[in-house]
1. Name the residue, out of Pro195, Pro225, that is over 16 Å from the mean Cα position of the chain (by Cα), within 30 Å of Leu48 (Cβ to Cβ) and in contact (Cβ under 8 Å) with a residue 40 or more places away in the chain.
2. Collect the residues in region 184-206 that are outside any helix (DSSP H, G or I) and either among the basic types (Lys, Arg) or within 20 Å of Glu110 (Cα to Cα) (or both), keeping them in residue-number order.
3. Taking Arg37 and the conditions (1) over 25 Å from the mean Cα position of the chain (by Cα); (2) surrounded by fewer than 18 Cβ atoms within 10 Å (Cβ to Cβ); (3) outside any loop (DSSP other than H, G, I, E, B), which numbered condition does it fall short on, given that it satisfies the others?
4. Look through region 242-260, keep the residues that are closer than 16 Å to Arg67 by Cα, in contact (Cβ under 8 Å) with a residue 40 or more places away in the chain and of a type outside the set (S, T, N, Q), and return whichever of them is surrounded by the fewest Cβ atoms within 10 Å (Cβ to Cβ).
5. Taking region 1-16, which residues are among the hydroxyl-bearing types (Ser, Thr, Tyr) and either out of contact with any Ser or Thr (no Cβ under 9 Å at 6 or more places or on another chain) or exposed (fewer than 11 other Cβ atoms within 10 Å of the Cβ) (or both)?
6. Can you name the residue in region 75-86 that is in contact (Cβ under 8 Å) with a residue 40 or more places away in the chain and more than 18 Å from the chain's Cα centre (by Cα) and is also surrounded by the fewest Cβ atoms within 10 Å (Cβ to Cβ) among such residues?
Amino acid sequence: MFLASKLFWLLAQPLSLVFVCLIVAILLDAAGLERTRGFFSALAVTILFLTLFTSTGGYLLQSLENRFPRPANPPADVSCIVILGGAFENEVMAARGGMEFNQSADRFIEGLRLARLYPDARILVSGGDGSFSGAYAGDAEASMAFFSTFGIEPERLIREKTSRTTFENATNTKALLEQNGLSDCLLVTSAFHMPRSVGLFRKLGIGVIPWPVDYRTSGRLTLWPDFSQPSLNAQLTTTAIREWTGLLAHYIGGRTHAIFPK
């Protein structure tokens, strides 16, 4: 399932779809099917325009980010802080050493702040190596050095080191929470990733308090042409489509109670 989902996404992301449509159009042209060729050419241009030159991606992403606002009144005490991996550049770290983060670094920055705010809380980091090769240390492994650098005692950490997908994050975390007698934890992940994460955790009967971080939009976007930042628009669109596809797939597969959990 892991490899299947990775391969599917390689083809399903917007710019890959554009490439596939163009290849199909070329083959149809060679076969003399001009009308059908024109349809796939137009489809490729439409997807490319929406992806690069409109706010569609940001608009879709902000609806995900707005779904679970951070609690206005933080709980007085928590027993556990669950941080979902996906923030460390594990391949770069394997080659160069040190600690390198990607855009999701807020998951661990906020996790560190929460660890200091709730000094008695355990910290459960869920994340193995999600690469095709499986040859690198995952976020749970890398988190030990990160937290110890900032004075967090190693005995507070619980590391879930085998998960490669969000579903595995939830499944493996459930077992560790039960083993350690922990419940009603803060769940720290990117805001756009929170609906899918909460849906999976709820389906497994895991009570969590959503604590979104890593916002990519202002939350005030409208649908509009945007020629100023095509590369950023493409990135936002890709992230949004991946999350919406994941929400739909998990619902169809019976892993969540709703397509868009609330």
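1. Residue meeting the stated conditions: Pro225.
2. The answer is Asp184, Cys185, Leu186, Leu187, Val188, Thr189, Ser190.
3. So Arg37 meets the others, but not (2).
4. Checked region 242-260; the qualifying residue surrounded by the fewest Cβ atoms within 10 Å (Cβ to Cβ) is His257.
5. Correct list: Ser16 only.
6. Residue satisfying both the conditions and the ranking: Asp77.
Computed from the coordinates by the stated procedures, all read-outs in this text should not be read as laboratory data. Predicted, not measured: the structure shown is a model, and the values here were computed from it. Note that we place each Cβ from the backbone using ideal geometry, even for glycine, and neighbour counts take in every protein chain shown.
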